[in-house]
Every structure is written in C-alpha cells, then in structure tokens.
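Just below is one structure, and these are the notes that go with it.
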Amino acid sequence: MATAPAPYHWIATIATAKGTVKTDDGTVTVTPHVDTHSDTYGLVLDRFKKKYGTGCTVLFFSLTPNQL
C-alpha cells in the first residue's frame, strides 16, 4: 500500500563558511515510508548550499508534518 506524498515543514540554522549564522524555513513534499528523514535533510541542506555555498555547518534542524 503506497502512502501519498505529504508536505513537511522544516526549520534549519546553519553557520556559513564565513561564520555568518542563518536561519531559514520552508516546506518540502515527501512520501512517508518511502523517503527518509536523511533524504529530506539532504534536500534542505542542498538548498542552503545553493544559497550560501559549500562549507555550511548545520547548527539546528527540525522536520515535522505541516499540519495542525
């Protein structure tokens, strides 16, 4: 039985290679029981790398279903 894709909300704080601390958030659509937490973490980290360059250090990461 396949699980339908669902939106998840993420919040992450990173330190750039230059030492600047940045916090960002957003949503990503993943398929529970197919995509893993590690897969999703990688997607979010890729967004930071594109925005701030390589060499980022993750200080905080949260991933939760985007529903109340």
So residue 58, is it outside any helix (DSSP H, G or I), open to solvent by less than 90 Å² (accessible area, probe 1.4 Å) and within 10 Å of residue 10 (Cβ to Cβ): no
Residue by residue through the range 35-55, note down the ones that are surrounded by 14 or more Cβ atoms within 10 Å (Cβ to Cβ) and either in contact with a Gly (Cβ under 7 Å, 6 or more places away or on another chain) or among the acidic types (Asp, Glu) (or both). 35
Only residues in the range 48-68 that are farther than 23 Å from residue 5 by Cα count as the first member; pair them with residues that are among the basic types (Lys, Arg), Cβ under 7 angstrom, at least 6 apart or cross-chain, and list the lot. 52/22; 56/49
Any chance you could count how many residues in the range 13-34 are in contact with a Lys or Arg (Cβ under 9 Å, 6 or more places away or on another chain) and under 13 Å from residue 61 (Cα atoms)? 6
For residues that are of a type in the set (Gly, Ala, Ser) and assigned to a loop (DSSP other than H, G, I, E, B), scanning just the range 12-34, find the one that is most open to solvent (accessible area, probe 1.4 Å). 17
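The values are calculated or read from the model by the stated rules, or taken from the named source; none is laboratory data. What you are looking at is a predicted structure, and each value in this text was computed from that prediction instead of being measured. All Cβ positions, glycine included, derive from the backbone under ideal geometry; neighbour counts span all protein chains shown. When the accessible area is computed, the model is the full protein with side chains, heavy atoms only, and any ligands, DNA or RNA have been set aside. Shrake-Rupley method; radii C 1.70, N 1.55, O 1.52, S 1.80 Å.
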